[in-house]
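Comments concern the structure below.
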Amino acid sequence: MVKDFMLVRLVSVLLMLFAGSASAKAQQTASLKEAFKNDFLIGTALNMWQVRHGSEQTKELIRSQFSTVVAENCMKSEVLQPVENVFNFKDADEFISLAENNGQVVTGHCLVWHSQAPAWFFHNDKGVLVDRQTMIERMRKHIYTVMGHFKGRVKGWDVVNEAIEFDGSLRKSNFYNIIGEDYIRLAFQFAHEADPDAELYYNDYSMDNPNKREAVVKLIRDLKAHGLRIDAVGMQSHLSTTSNLKEYEESMEAFIKEGVKVMATELDVSVLPFPNHQMTAEISTNFEYQEALNPYKKGITEEKQAEQNDFMVKLFKIYKKHAKDITRITFWGVTDGDSWKNDFPVPGRTDYPLPFGRDLKPKPWVYLIIK
Ligand code: XIL
């Protein structure tokens, strides 16, 4: 009896060891950065929790899967300059040290963005919007100080983020309202002055939208006509399994035709229903929670997973096809549990938009795109 029991224990321990090493091996062999090393960099956004408190397993995943990283939040202006002339580089320095230890390329996100900017940036001490000259000086100072601090450690910067509306017009942000439409040129000029070696990017969401496509093409031409540097367009790529890949690829081709590189900078592919007709990454949008909008809280169905697998394979075929003009594909997070999509645009949902599950295991499509 006891002997039988011991035998069963031994066999099950051996099986567990075998399964463990097989899955560890599968994880090791299925490396995104290795698979695409001749095509483009493969990246992820990191938050400070992962940087400071990530488990060894999480850190190993970050190290082994990604050749490049970007800060999810800690390099935005509200963090870097919370009070005028008081710069806080603590989090960002720690984030970059981790990347450097991992031998990963760092992208700076982002210099000029109306969102996650501190209120003081646009106002005087009476709470009134500042004048054009003051705004230009504040923008210059922010860009110079931030890029100066990270010089040599950051390969390229999202200089301007989300400046274009769905109708193709320039967003009436405080930068636009105070400075005028030349704020974009000024930002790219200051960025190049601050670090002539850094690559400079324009970054935006919903780039499959034809109006936005046209406006970005116009913007690239305008910068170039003024002798300014722009290296690449960042297509954020907050997508869903129903996104229009034809329009997406058309935008990619239109930007490439203008002589810049393209990058997917914030890729995630939601499987959840939209609360309205328009898929957007406009971070000021939010909708009330409803059960009907959260169908997979106990797990994704096989059908839905298959739909996502299919979409990811199609998407990566497009990336492969244009690989010589694509420099980087960055996911907006590592595991589904990290994703901002769980709370955007509806709080408290369970989404599955990233390459690794909440259990740190690769999604079925990770193997498919590697193959
Ligand atoms: C998001 C972060 O993921 C969230 O943690 C934060 O609360 C809001 O911003 N476009 C961008 C990113 O350029 O910086 C945004 O990141 C997502 C949309």
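The values are calculated or read from the model by the stated rules, or taken from the named source; none is laboratory data. Just so you know, these numbers come straight off a predicted model, no measurement behind them. Counting neighbours? That spans all protein chains shown, and the Cβs are built from the backbone with ideal geometry, glycine included. For the accessible areas, the whole protein counts, side chains as well, though only heavy atoms, and no ligand, DNA or RNA atoms are used. Shrake-Rupley method; radii C 1.70, N 1.55, O 1.52, S 1.80 Å.
Express as a percent, rounded to the nearest 5, the fraction of DSSP beta bridges in region 2-370 (both residues included) that run antiparallel.
Details: 4 of 40 bridges.
Expressed as a percentage, antiparallel bridges in region 2-370 total about 10.
Note the full-extension length gain between K172 and A225 as 0.36 nm times their separation in residues minus their Cα-Cα distance, in nm to one decimal.
My answer for the length gained is 16.8 nm.
Which of the helices in the chain, when you take each full DSSP H run, stretch at least 24 Å along the axis at their Cα atoms and have an average Kyte-Doolittle score of 0.5 or higher?
Taking the DSSP H segments of the chain (at least 24 Å long, mean hydropathy at least 0.5), we get 2-29.
Between R52 and D182, how many nm apart are label points set 7 Å from Cα along the C-beta direction?
4.3 nm
Tell me the carbon and sulfur percent of the accessible area for region 103-214, rounded to whole percent, probe radius 1.4 Å.
48 percent
Computing the accessible area with a 1.4 Å probe over protein heavy atoms, can you report the carbon and sulfur percentage for region 259-339?
Carbon and sulfur together cover 53 percent of it.
Could you compute the FRET efficiency for L129 and Q290, with r as their C-beta to C-beta distance and R0 at 51 Å, rounded to 0.05?
So, using R0 = 51 Å, E works out to roughly 0.85.
Go through region 233-315 and name the trypsin sites (Lys or Arg not before Pro) that are in a DSSP coil and have 13 or fewer other Cβ atoms within 10 Å of their Cβ. Can you show the working numbers first?
Working: sites: K246, K257, K261, K297, K298, K304, K314; in loops: K297, K298.
Here the trypsin sites (Lys or Arg not before Pro) that fit, given the DSSP loop and packing criteria, are K297, K298.
Set Lys and Arg Cβ to +1 and Asp and Glu Cβ to -1, take the dipole of the chain about its Cα centre, and tell me which of L186, S64, V130 lies farthest positive.
With unit charges placed on the Cβ atoms, the residue in question is S64.
Just the number please: accessible area per residue for region 2-370, 1.4 Å probe, all protein chains included, in Å².
The answer is 45 Å² per residue.
Between region 115-169 and region 54-86, what's the alpha-carbon centroid distance in Å?
Taking the Cα centre of region 54-86 as reference, the centre of region 115-169 is 19 Å away.
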